[in-house]
Every structure is written in C-alpha cells, then in structure tokens.
Amino acid sequence: YNELNQIIEGTFDEQSGLALLQDSWREDKVEIFFQELISNNRVIKNLDMIEIYDICAVGEKRYKKEIPPGYGDKKNKDGIRKYSDLIMWKEVIKYAKDCQKNIIFVSDDLKKDWWNLEENIYEFLPELVKEFEKDTQMRTSENNGIKGPSMKIVPFVSTEFYEAVSNSMGIEQS
C-alpha cells in the first residue's frame, strides 16, 4: 500500500495539472463549499407547504391577469409546477428581505413573463423590479418604527453575467 501510495503521489508531483484532483482526494471541496454557504446564511430556506399553497392561490389570480413572473408556464405545466417560477420569485424576495441582502439574479428563462426583448437586448420587466423593491422594504412595524430601505435586484441573462464577471475581474471570458 505504501509503495503504491508513493507511486501515485510521485505521479501527481510530476503532473502538476493533476494537483487539483489530488487535493480532491484528501478533502471534499464541494462539501466544504456547500457547508460554507450554509453556515454563512447564503442558502434560501425552503418554504413550508402552506406558504407554497398560498403562493399558488395568488398565482392563479396573477396568471389570469398575466402578472409576471410565470404566467407563461400556465399552459405547459400543471399543478404546483405551473407556479414554480412564482414560487422561486417569492423565495428570492423573502430571502432578500429576511437577510437584508441585495440580489444578483441570473436566469436564462427568457420568456416575456420575465424579460422584454428589444433590439437583441434583454430588459428585466420593470414591474418585477418594482415588486421586488416594494416587497423587500422593511416596514416601520417590523423595524422599531423606522422605515427601512428596499433591497436592490440586479438581473442578468447568463451570457451578460459571464461577460460582467470577466470584465470586472479582468479575465478572458471562455
């Protein structure tokens, strides 16, 4: 075993490109990453079933009036799945408000119930930005009589997000 281990270690020493793989044998980098996200309150907590059913009931009314997001799924999906975009949207709003965090929102769901498309440029629906700001504002009754600020949302489609990251970090976009 020791001899075989020395051969493997020697191979990794010779092949510097395999160093990351070698490290992953010693510790689970994905596990460490997720534990750090969880311990730093960076993961949205699950809604309970009552909250989900309440969102579905609201969603039924919203979808009849074509209020975004998610009404574009009303024909293709059924049951709770029909409201998955709205449920996710409400989870994001709840997280932003509860944690008082601004949100970078990246989505490639490019339907008209999320984005306007004009001259090959996607614009996040203004009514979603307004809803986010309104629903994330700390009310006076929640904040010792002081009205708090609204959280901000910065929406991207993934290609724009990757471009923004590569530009801000000064690295080439692959």
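The values are calculated or read from the model by the stated rules, or taken from the named source; none is laboratory data. Source: prediction; values computed, not measured. In this analysis, Cβ positions are derived from the backbone assuming ideal geometry, glycine residues included, and neighbour counts consider all displayed protein chains. Just the protein is used for accessible areas: all its heavy atoms, side chains included, with ligands, DNA and RNA removed. Shrake-Rupley method; radii C 1.70, N 1.55, O 1.52, S 1.80 Å.
Key figures
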{"quantity": "Accessible carbon and sulfur surface of the range 25-155 relative to its total accessible area, %, 1.4 Å", "calculated": "53 percent"}
{"quantity": "Among 49, 138, 151, residue whose mean-square fluctuation peaks in a GNM of the chain (springs only between Cα atoms under 10 Å)", "calculated": "49"}
{"quantity": "Accessible area in square angstrom per residue, the range 104-174, 1.4 angstrom probe", "calculated": "69 Å²"}
{"quantity": "Most mobile listed residue (37, 110, 47) in the chain, GNM with C-alpha springs under 10 Å", "calculated": "37"}
{"quantity": "Theoretical FRET efficiency, 1/(1+(r/R0)^6), r = Cβ-Cβ of residue 78 and residue 125, R0 25 Å, to 0.05", "calculated": "0.55"}
{"quantity": "FRET E, pair residue 3, residue 35, Förster distance 30 Å, beta-carbon r, rounded to 0.05", "calculated": "0.30"}
{"quantity": "Too-long pairs where the Cα-Cα distance tops 32 Å, listed order kept, from 65/152; 29/112; 29/111; 111/147; 29/77", "calculated": "29/112; 29/111; 111/147; 29/77"}
{"quantity": "Added length on full extension, which subtracts the Cα-Cα distance from 0.36 nm per residue, residue 56 to residue 28", "calculated": "6.3 nm"}
{"quantity": "Between helix 84-99 and the chain: long-axis angle, C-alpha atoms, 0 to 90°, nearest 10", "calculated": "80 degrees"}
{"quantity": "Most mobile of 94, 82, 61 in a GNM of the chain (Cα contacts under 10 Å)", "calculated": "61"}
{"quantity": "Relative contact order, percent, the range 27-132 [alpha-carbon distance under 8 Å, six or more residues apart]", "calculated": "23 percent"}
{"quantity": "Cα long-axis angle, helix 49-64 against the chain (0 to 90 degrees, to the nearest 10)", "calculated": "60 degrees"}
